[in-house]
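**Q** This is the structure I want to talk about, given as structure tokens.
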């Protein structure tokens, strides 16, 4: 009988051939050996499939799923459908794990009975190349437990609480949770984490590094300002309205919307003003987003502003 993997690693990929060898080698180098790695190629036109197949042929723990180009949410959902591990992890196809990442995250998950464990993300330059460490080590004392995962939702959404790829999750925690296919880039992780934080009862965060996050213009977190950074907002606020209002009390929602509105205004007002780019497009997105924001949870200033934006041409 086949052994159930401790962790299923889900890696969506689209034209990531330049970095895939590093990413998959970092999986191969894990001190934890009982894993499966599901790579979902989303219709790449470069050498991605060739590189992935090289790993699939050399190690049966690697699996390849090929899709047409439907976006990262559809790709991750395909990975969730195929995953069989006790825990689920997500990794972007241009990032790398530290050698001990999975062993460390699994240790904290099992010893604390956490539903979700997050490690620290260390930023590396675009020309970084993964190399295994001779004697990888980590500190088992460097962690904090929280029994109030919903408090993470009160942190500004652009902060790293929403980085899904630095964590592992209990398989049962994610049952029935899906990435929303209307989000093909930004926004998918925010909505996913809203559902996860609602369900989780105990989470652990550690300052031990779990992921080496590559900084370059292709990465979502480092792209130059563009419409992709704000186009998702109307659907995001619609998702919040449809999925959060019946779960939380008014006090929590007022605090949540205060932080989320700051995020909205920063991306649709401050950044376009500072860069001199996409002002009209951002304004239209801001106006559309306000249609899905319940006025009763806003401060009087934000309430007046949203009402004004609904009517201004």
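The values are calculated or read from the model by the stated rules, or taken from the named source; none is laboratory data. Only a predicted model underlies this, so the values are computations on that prediction, with no experimental measurement involved. So basically every Cβ, Gly included, is an ideal-geometry build from the backbone, and we count neighbours across all protein chains shown.
**Q** If we keep just the residues of the range 135-161 that are over 22 Å from residue 249 (Cα atoms) and touching a strand residue (DSSP E or B) at 6+ places or on another chain (Cβ under 7 Å), which is modelled with the lowest pLDDT?
**A** Going through the range 135-161, the residues over 22 Å from residue 249 (Cα atoms) turn out to be 135-145, 158-160.
From what's left, touching a strand residue (DSSP E or B) at 6+ places or on another chain (Cβ under 7 Å): 138-139, 142-145, 160.
Numbers: 138: 96, 139: 97, 142: 96, 143: 97, 144: 96, 145: 97, 160: 75.
Of everything passing the filter in the range 135-161, 160 is modelled with the lowest pLDDT.
**Q** If you don't mind, another one. Please verify whether the range 222-230 includes one or more residues that are out of contact with any helix residue (DSSP H, G or I) (no Cβ under 7 Å at 6 or more places or on another chain), over 22 Å from residue 93 (Cα atoms) and either part of a helix (DSSP H, G or I) or modelled with pLDDT under 95 (or both).
**A** No, that holds for no residue.
**Q** Out of everything in the range 181-208 that is assigned to a loop (DSSP other than H, G, I, E, B) and either touching a strand residue (DSSP E or B) at 6+ places or on another chain (Cβ under 9 Å) or in the same structural domain as residue 239 (by TED's automatic domain parsing) (or both), what residue ends up being nearest to residue 233 (Cα to Cα)?
**A** Taking the range 181-208 as the starting set, the residues that turn out to be assigned to a loop (DSSP other than H, G, I, E, B) are 181-184, 186, 200-202.
Keeping just the survivors that are either touching a strand residue (DSSP E or B) at 6+ places or on another chain (Cβ under 9 Å) or in the same structural domain as residue 239 (by TED's automatic domain parsing) (or both) gives 200, 202.
Working: 200: 25, 202: 29 Å.
This residue is 200.
**Q** To continue, here is another question. Looking only at strands (runs of 3 or more DSSP E) that fall completely inside the range 29-119, which ones have 2 or more residues that are crowded, with 22+ Cβ neighbours inside 10 Å and at pLDDT 95 or above?
**A** In the range 29-119, the matching strands (runs of 3 or more DSSP E) lie at 35-42, 87-90.
**Q** If only one of 167, 178, 171, 142 is buried (at least 18 other Cβ atoms within 10 Å of the Cβ) and not assigned by TED's automatic domain parsing to the domain that holds residue 249, which one is it?
**A** On the way: 178 fails: buried (at least 18 other Cβ atoms within 10 Å of the Cβ); 171 fails: buried (at least 18 other Cβ atoms within 10 Å of the Cβ); 142 fails: buried (at least 18 other Cβ atoms within 10 Å of the Cβ).
Only one candidate qualifies: 167.
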